[in-house]
1. What number comes out for the charge environment of Thr57, summing +1 per Lys or Arg and -1 per Asp or Glu over other residues with Cβ under 12 Å away?
2. I need to check one value: relative contact order of the chain, counting alpha carbon pairs closer than 8 Å and at least 6 residues apart, in percent.
3. Just the number, please: carbon plus sulfur as a percent of the accessible area of the stretch 1-72, 1.4 Å probe, no ligands or DNA/RNA counted.
4. Return the distance in nm (one decimal) between the two label points of a simple spin-label model at Ser25 and Gln1, each offset 7 Å from Cα along Cα→Cβ.
5. Counting Lys +1, Arg +1, Asp -1, Glu -1, what net charge surrounds Asn103 among other residues with beta carbon under 13 Å of its beta carbon?
6. Please list, by residue number, every one of the trypsin sites (Lys or Arg not before Pro) in the stretch 1-78 that is coil in DSSP and has at most 11 other beta-carbon atoms within 10 Å.
7. Rolling a 1.4 angstrom probe over the protein heavy atoms, how many square angstrom per residue are accessible across the chain?
8. Students often forget the sequence filter, so: which lysines lie under 20 Å Cα-Cα from Lys86 once same-chain residues fewer than 8 apart are removed?
Amino acid sequence: QVQLVESGGGLVQPGGSLRLSCAASGITFSMYTMGWYRQAPGKQREQVVTITSGGGTNSADSVKGRFTISRDNAKNTVYLQMNSLKPEDTAVYYCKGSYSVLNYWGQGTQVTVSS
């Protein structure tokens, strides 16, 4: 059974930081491209940043220089370090694992940026 479990969301003030984690089980984690996506109320889900099995990353322009993705294959975990958070970063953040035609999603974690 495949599970992706996100954690680390919460309420943070503008300019603050959060680190999200996504722990995977039931997959050969090291082979998967892992990614973080987000969905704000009334908007479509969008890609935030991805990391390939080889460590290559791809970030949305809106988060470049602020968000960093990393992975620990020994722990089957992918992280999203979010700095200089803005109110427009408020969304439910989802973890996704992809390999060939296989795609798995986590249940999401809420991030709210507000003073």
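1. On the way: positive: Lys64, Arg71; negative: none.
Local charge sum for Thr57: +2.
2. Working: 277 pairs, mean separation 41.9, N = 115.
Relative contact order comes out at 36 percent.
3. On the way: 1670 of 3810 Å².
That share works out to 44 percent.
4. Taking the two extended label points, one gets 0.9 nm.
5. Values: positive: Arg45, Lys96; negative: none.
Its environment carries a net charge of +2.
6. On the way: sites: Arg19, Arg38, Lys43, Arg45, Lys64, Arg66, Arg71, Lys75; in loops: Lys43, Arg45, Lys64, Arg66, Lys75.
Here the sparse-neighbourhood loop sites are Lys43, Lys64.
7. Values: 5970 Å² over 115 residues.
Value returned for the chain: 52 Å² of accessible area per residue.
8. Cα-Cα hits under 20 Å: Lys43, Lys64.
The values are calculated or read from the model by the stated rules, or taken from the named source; none is laboratory data. All of these numbers come straight from a predicted model, not from anything done at the bench. Glycine gets a Cβ as well: all are built from the backbone with ideal geometry, and neighbour counts include every protein chain shown. For the accessible areas, the whole protein counts, side chains as well, though only heavy atoms, and no ligand, DNA or RNA atoms are used. Shrake-Rupley method; radii C 1.70, N 1.55, O 1.52, S 1.80 Å.
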